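Remarks on the structure that follows.
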Amino acid sequence: MTGCGKGLFWGKKLLVAAALLAGMIGMPGPARAESPEAQPPPDPAALLAEQNAALSRDLRRIHRELAALRADMSRPGLQEVFAGIGYIMGLFGAAAFAASRRRDKPPPGSADNDPNAPDRGQGRT
Amino acid sequence: MHISDGVLPISITVGSYAASAALAAWSVRRTRSEELPKVAVVTAAFFVASLIHVPFGPTSVHLLIPGLAGALLGPSAFLAIGLGLLLQSILFQFGGLTALGANALMMGVPALACGVFFQKLKGRSRRRQSLVGGLAGALGTALAALILALLLASGGEDFFGVAKIALAAHIPVILIEGAVSAFTVAFLVRVKPELLAPAFVQGRPRQPELNAPPPEPPDSPAHG
């Protein structure tokens with residue numbers, strides 16, 4: 001009786017070990033093998049449509065980002081602003097320089113009429 | 001408010017180029033060399049003002065200060081605005097180079113009109129000057145919208161329809177511009193009143209304010 005009981009005990013232990021082993025190693029195998037049989041094979045058209053929807057969603061997002069980037073690039077940046085201010089100051093500075101030179105050094109024809117150049121008139125007479 | 005390339009017919013483009021070249025030449029001749037720094041500063045302000053976007057409801061509007069430029073510069077305003085628009089179209093791609101003449105007319109003629117308006121009506125008191133300055137600022141934008149409609153009408157659009165749309169779209173700009181101009185003129189009246197006296201008649205002596213003594217120390221020169 002005890003011998004038989006011991007044999008049963010060992011048999012139970014072996015069974016448990018086998019079950020554990022099967023659980024650790026064997027289970028994924030059958031599960032993987034079973035899944036295509038459990039579900040009906042997907043409709044290729046539906047799969048394509050799903051992929052298309054996902055792709056076009058992504059594409060739309062990228063288009064949006066591209067448009068935002070383009071709008072961002074067409075907006076003038078700091079560089080252009082300072083370039084323009086520099087142009088304005090430079091052009092008006094050049095104009096003021098030319099004007100001041102013209103005022104300081106009148107052309108020879110008008111030297112006699114210029115009241116600001118008395119020494120030139122004295123030197124000639 | 002900029003006209004783009006290819007919107008206007010060729011004849012209008014060429015005609016507006018000729019008209020704005022003539023006006024610019026007149027403006028250059030009327031600009032005195034002592035005023036060049038002032039013109040440069042106002043030009044730079046005009047150039048940059050179009051970048052200041054004011055959020056307004058769903059959209060955002062940007063300043064265009066033809067009225068203020070006219071009030072400050074008088075006849076030189078056309079030069080300032082033409083140069084500012086040229087640089088804007090080169091650097092910012094605002095408007096096109098071929099439409100530059102039309103754009104200069106659209107902004108420059110209101111500036112000259114506002115200059116005359118401001119000089120005629122500014123009176124002597126500070127409050128009246130800032131009020132008239134604000135009116136000039138508002139009037140400048142409204143006139144620019146009307147000229148825009150006129151120019152677009154030459155391209156086959158319906159004048160009244162375009163004018164209505166342009167004015168309606170610029171009502172916020174007109175209001176903001178009036179406020180900005182009134183504030184600026186009020187500030188300038190207090191700190192530098194001689195800036196507000198551009199000589200439309202050449203050789204007219206510039207009078208300092210009689211009943212509004214400048215708050216500067218007495219040793220500073222009267223004319224900057």
Which residues, taken from region B:140-171, are modelled with pLDDT of 80 or more and outside any helix (DSSP H, G or I)? B:His170
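Among the residues in region B:32-45, are any at pLDDT below 80 and not aliphatic (A, V, I, L, M)?
So the first thing to find is which residues in region B:32-45 are at pLDDT below 80, and the list is none.
Looking for residues that are at pLDDT below 80 and not aliphatic (A, V, I, L, M), one finds none in region B:32-45, hence no.
Return yes when B:Ile81 is among the β-branched types (Val, Ile, Thr), in contact with a helix residue (DSSP H, G or I) (Cβ under 6 Å, 6 or more places away or on another chain) and part of a helix (DSSP H, G or I) and no when it is not. Before you say what the answer is, go through the steps one by one.
Details: among the β-branched types (Val, Ile, Thr): yes; in contact with a helix residue (DSSP H, G or I) (Cβ under 6 Å, 6 or more places away or on another chain): yes; part of a helix (DSSP H, G or I): yes.
Answer is yes for this residue.
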Note on region A:75-102: residues of a type in the set (D, E, K, R) and within 7 Å of another protein chain (Cβ to nearest Cβ) are A:Glu80
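Report whether or not A:Leu78 is surrounded by 10 or more Cβ atoms within 10 Å (Cβ to Cβ) and either small (Gly, Ala, Ser) or modelled with pLDDT of 60 or more (or both).
For A:Leu78, the condition - surrounded by 10 or more Cβ atoms within 10 Å (Cβ to Cβ) and either small (Gly, Ala, Ser) or modelled with pLDDT of 60 or more (or both) - is not met.
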Residue check, B:Leu79 within 14 Å of chain A (Cβ to nearest Cβ), closer than 24 Å to B:Leu196 by Cα and modelled with pLDDT of 90 or more: yes
Could you run through region B:4-56 and say how many residues are assigned to a loop (DSSP other than H, G, I, E, B), out of contact with any strand residue (DSSP E or B) (no Cβ under 8 Å at 6 or more places or on another chain) and either charged (D, E, K, R) or more than 10 Å from chain A (Cβ to nearest Cβ) (or both)? 7
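One line per residue, one yes/no per condition, for (1) under 17 Å from B:Leu196 (Cα atoms); (2) among the hydrophobic types (A, V, I, L, M, F, W, C); (3) assigned to a loop (DSSP other than H, G, I, E, B); (4) within 14 Å of chain A (Cβ to nearest Cβ):
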residue	(1), (2), (3), (4)
B:Gly74	yes, no, no, no
B:Leu91	no, yes, no, yes
B:Ala102	no, yes, no, no
B:Met107	no, yes, no, no
B:Phe118	yes, yes, no, no
B:Leu131	yes, yes, no, no
B:Ala138	no, yes, no, no
Name every residue in region B:58-72 that is part of a helix (DSSP H, G or I) and farther than 15 Å from B:Ala104 by Cβ, in order of residue number. B:Gly67, B:Leu68, B:Ala71, B:Leu72
Within region B:3-12, is even one residue under 23 Å from B:Val180 (Cβ atoms) and at pLDDT below 85? no
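The values are calculated or read from the model by the stated rules, or taken from the named source; none is laboratory data. These numbers come from a predicted model, not from an experiment. Note: ideal-geometry Cβ built from the backbone for every residue, glycine included; neighbour counts use all protein chains shown.
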